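Step one of this worksheet: look at the structure below.
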Amino acid sequence: MRRGQTIQKRTQRQREIVARLRGGAALSVTGLAAELDVSDETIRRELRALEEQGAIIREHGGARLAASAFEGPLAQRMEQNADAKLRIARAAADFVSDGAILFIDSGTTSCFIARQLVERRGLTVITNSLQVASELGSINDNRLFLAAGQMDYGYLAFSDHDAQRYVAGFTPHLAILSVGAIHLEQGLMDFHPGEAAMSRIAYETSEKVLLGADSSKFGRHGLMRTAALEEVDILVTEAPLTADYAQAFAHAEVVVA
């Protein structure tokens, strides 16, 4: 099996393990192995990887989900820290001019930012988010390019391999991204493998990246690494950074909304 296929298979297996742990109960290695039709040693290897990422807590003979390793559906997450996200969105919108070519991901902060762009004209918007598409499509002479594939109903977004290949073909002026977690050692992290892959593509193909992140994201662990802190060009948040994070983002333009 090719290395890329092996990584993809392991990523999918880890995602399935996390999905099974979301019920809140600890599950045994033997039980997970039986459900996923793999060996006990394979499960132990995946649990070790997930523990290193901060997604799970290993227990004797099994594991349980870490408290920070779950994100709910889009509507629920849109309500979390909504005041902070609105402040971030208003400040982030100042970086977008008429005629800009943008990639906007499906994170909730990005959706808030999209709402603040409804008066901009002539935007070219590339997105994998139905929410963003509904906010900015068919208005003000905008052009909309919506990645498609198998829809994730929890995120109201497309982030499978077909969607990733589509998005990878664009070179935006600015990528507007959300993030699941920001950690000094681990960098930028997310909870959804497909969304993490979308972020990696955006960091690689965009001229600049604007990251919108409220203060709850700092010091948090995610499931998947997406990028190094150094890859952020503009950071918009709603609270002053601690000394450690201010130093970590010294290379970037930091806006406290």
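The values are calculated or read from the model by the stated rules, or taken from the named source; none is laboratory data. Just so it is clear, the model here is predicted, and its values are computed rather than measured. For neighbour counting, all protein chains shown are included, and Cβ atoms are generated from backbone atoms with ideal geometry for every residue, glycine included. Please note that ligands, DNA and RNA were not included when accessible areas were found on the heavy atoms of the full protein model with its side chains. Shrake-Rupley method; radii C 1.70, N 1.55, O 1.52, S 1.80 Å.
Cα centroids of region 129-165 and region 220-257: 26 Å apart.
Using a 1.4 Å probe, what is the accessible area per residue for the chain, in Å²? For the chain, the solvent-accessible area averages 46 Å² per residue.
GNM on the chain, alpha-carbon springs under 10 angstrom: the most fluctuating residue among Phe145, Phe103, Phe112 is Phe145. Ignoring lysines fewer than eight residues from Lys85 along the same chain, the ones with Cα atoms less than 16 angstrom from its Cα are Lys217. For Val255, the amide hydrogen comes within under 5 Å of the amide hydrogens of Leu235, Val236, Thr237, counting only partners 5 or more places away or on other chains and with H modelled in the peptide plane.
If you filter region 148-188 for chymotrypsin sites (Phe, Trp or Tyr not before Pro), then keep DSSP loop positions with at most 11 other Cβ within 10 Å, what is left? Loop-located and lightly packed - Tyr153.
Relative to the compact-globule estimate of 2.2 N^0.38 Å, the Cα radius of gyration of the chain comes out at 1.02. For region 125-164, which whole-number percentage of the solvent-accessible area (1.4 Å probe, protein heavy atoms only) is attributable to carbon and sulfur atoms? On region 125-164, the fraction of accessible area on carbon and sulfur atoms equals 51 percent.
Whole number please: convex hull volume per residue of the Cα set in region 81-189, in Å³? Residue-normalised Cα hull volume stands at 115 Å³. With equal scatterers on the alpha carbons only and no solvent term, can you work out the Debye log10 of I(q)/I(0) for region 114-171 at 0.15 1/Å? Values returned for q = 0.15 Å⁻¹ are -0.43. Of the accessible area of region 165-257, computed with a 1.4 Å probe over protein heavy atoms only, carbon and sulfur atoms account for 50 percent. The Cα atoms of region 178-246 give a gyration tensor whose axes a ≥ b ≥ c have a/c of 1.5 or more with a/b no greater than b/c, which makes the shape oblate.
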